[in-house]
Amino acid sequence: MASRVIPVDPFDLVVFGGTGDLARRKILPALFRRYCAGQMQAGTRIVAAARTEMDSAAYREMVAAALDEFDTPHAHDADQRRAFLDGLHYVTLDATGTQGWEELAALMSRDRIKAYYFSVGPALFGPLAERLHEYGMSDDEARIVVEKPFGRDLESARALNLTLARHFTESQIYRIDHYLGKETVQNLMAIRFGNMLFEPLWNSQYVDHIQITVAETVGVGGRADYYDRSGAMRDMVQNHLMQLLCLIAMEPPAKFDPSAVRDEKLKVIRALDPVVPNDIVRGQYRGVDDKPGYAEHVENAASTVESFIALKAHISNWRWAGTPFYLRTGKRLRARNSEIAVVFKEAPHSIFGAEAGRHRNILTIRLQPNEGIDLGVTIKEPGPGGMRLVDVPLDMTFTEALGPDAEDVPDAYERLIMDVIRGNQTLFMRGDEVEAAWAWTDPIIADWEASGDAPFAYDSGSAGPEEALALMHRDGRRWREIRL
Ligand code: NAP
């Protein structure tokens, strides 16, 4: 099943922060892959900008090394590689000063789409927007892509929205959450709204609870400074997990278009109840054997910042009242494992008697690894010996079901950057959504900060603190295993 590639119109793309980690690891390799796929037409121009003094030739070498280091498919194709690299330009530029801006403005075409990717620290989002305007680069064809974090609370997110709104309309602002670009996350909408099967059961009458898990094996890595000022709530829950929650819980939008989808997501966030302290567990990983713990990673022995969080949320609306949503994310956990599990209620009466056991269906949407879905169904255990029941998965791993093309699907950054060029905002967060998400998380964070309580310690390589298990057990439920 070959996926169709529809070329986009020639465009100018400026990657501010073109020498940074995200640009080298994700953005440039994503652009290279789209180039190889034939999606970018001749005349498209990619310009990287940062303060480091270098010329375009040196920048091309830097990107060539990045394509190798980050193992980009097609990187071995010398012709494609040369042609892509030759099209790259570099401008030495200071986001907070005047250096480089006239040179950049002179490079920009007048009457074509111009995308400005802010792959820089959040303190520079405002200055970049100001300068783009000052140097005449914020015309109607311009759009800006803003990385996370979008603020660190409601007040700062609001201030940033206002700063950007001074020079760009909402339809020109693309707040990126790369989770929304993942194939399976979009499949979530296809599964829900493209099939008759699930939607009638998608409510508190049939769904016992929903679990959303984003488990990482990595620690804070090179982002220690940033992370120790943020923690899992700000870094993961306020954006990625909330977005997954919205997609799983929202009402069917009338159309698959940006306003309709984002309106429905916003309604979910606004219907979330405040979380009571008893329904949240924070954790921080400790070192095991020779592996350092969080405090050593961030070089702050007194840190009370969480690297793990588990919480129970309630959505107060007709569809979901009474069905809890359990969210869990953490670093240095047993396995890299992200999934959404919709756990249906047990059948109201078992005609097979008590010894047949209690069974329930679970629909699991696997984001990583092995992207796919499976539906746990109850069948008769094969063989003689009466009617004994057993649960088995109806498993669809996308790479198996869709063939080799499924392995070649664009990664999240590829898809999202092409959406920016096409002007499709469906998979980007709107300003009011981001603010509503902060309005929900702010009081939770304020409570912790007021209490000064330390998070519970958990071993690196575990499933998180024991207290997180208790959060489920006291409701008579259990977390799904974080599998290796
Ligand atoms: P980084 O490695 O520190 O890169 C920052 C970039 O900004 C560098 O290219 C730096 O280059 C440039 N820069 C700094 N000050 C500048 C100035 N005054 N004028 C112009 N350029 C300036 O950071 P990163 O990890 O790539 O992250 C970039 C953004 O993406 C951040 O907002 C981050 O939160 C977000 N993000 C990153 C990741 C990730 O995996 N890395 C994931 C999600 C979100 P010079 O020093 O040469 O100026």
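Quick rundown of the values:
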quantity	calculated
Two-decimal Rg/Rh across the stretch 428-479, once Rg and the Kirkwood Rh are taken from alpha-carbon atoms	1.11
Positive-pole candidate from LEU333, ILE144, GLY97, dipole of the chain, charges at beta carbon	LEU333
DSSP loop GluC sites (Glu not before Pro) with at most 14 other Cβ within 10 Å: longest gap in the chain	54-298
Solvent-accessible area per residue for the chain (1.4 angstrom probe, square angstrom)	45
Heavy-atom accessible surface of the stretch 12-147: percent carbon and sulfur, 1.4 Å	46
Evaluated at q = 0.15, 0.21 Å⁻¹: base-10 log I(q)/I(0), Debye formula over Cα of the stretch 12-147	-0.69, -1.33
Approximate shape of the chain as ellipsoid semi-axes (Cα gyration tensor, √5λ), whole Å, largest first	40, 26, 22
Globularity index of the stretch 94-172, i.e. its alpha-carbon radius of gyration over 2.2 N^0.38 Å	1.08
Probe 1.4 Å - accessible area at HIS209, Å² to nearest ten	10
Quotient of Cα Rg and 2.2 N^0.38 Å for the stretch 362-471, N being how many residues it contains	1.68
Debye-sum result for the stretch 95-234 in log10 I(q)/I(0), which assumes one identical scatterer on each alpha carbon, at q = 0.09, 0.13, 0.16, 0.18 Å⁻¹	-0.44, -0.80, -1.00, -1.11
ASP153, ASP279, ASP79, reordered so the largest accessible area comes first (probe 1.4 Å)	ASP79, ASP153, ASP279
Calculated P(r) of the stretch 262-325 - Cα pairs past 20 Å, %	49
Neighbourhood charge, 14 Å Cβ-Cβ cut-off, centred on ALA57 and excluding it, Lys, Arg +1 and Asp, Glu -1	-2
Radius 12 Å from Cβ of VAL220, net charge of other residues (Lys, Arg +1; Asp, Glu -1)	-3
Largest to smallest accessible area among SER338, SER350 [probe 1.4 Å]	SER350, SER338
Cα-based Kirkwood hydrodynamic radius, the stretch 221-293, one decimal, Å	15.1
Rh (Kirkwood; distinct C-alpha pairs) - the stretch 163-241, Å	16.4
Of every Cα-Cα pair in the stretch 102-148, the percent that sits beyond 14 Å	48
Helix-derived mean residue ellipticity, 222 nm - over the chain, DSSP H n ≥ 4, -39500 (n - 2.57), to 500	-9000 deg cm²/dmol
Translational diffusion coefficient (Stokes-Einstein; Kirkwood radius from C-alpha pairs) of the stretch 33-100 at 37 °C, 0.692 mPa s, in µm²/s	252
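The values are calculated or read from the model by the stated rules, or taken from the named source; none is laboratory data. What you see is a predicted model; the values in this text were computed from it and never measured. For neighbour counting, all protein chains shown are included, and Cβ atoms are generated from backbone atoms with ideal geometry for every residue, glycine included. We work out accessible area using only protein heavy atoms, side chains counted, and drop any ligands, DNA or RNA first. Shrake-Rupley method; radii C 1.70, N 1.55, O 1.52, S 1.80 Å.
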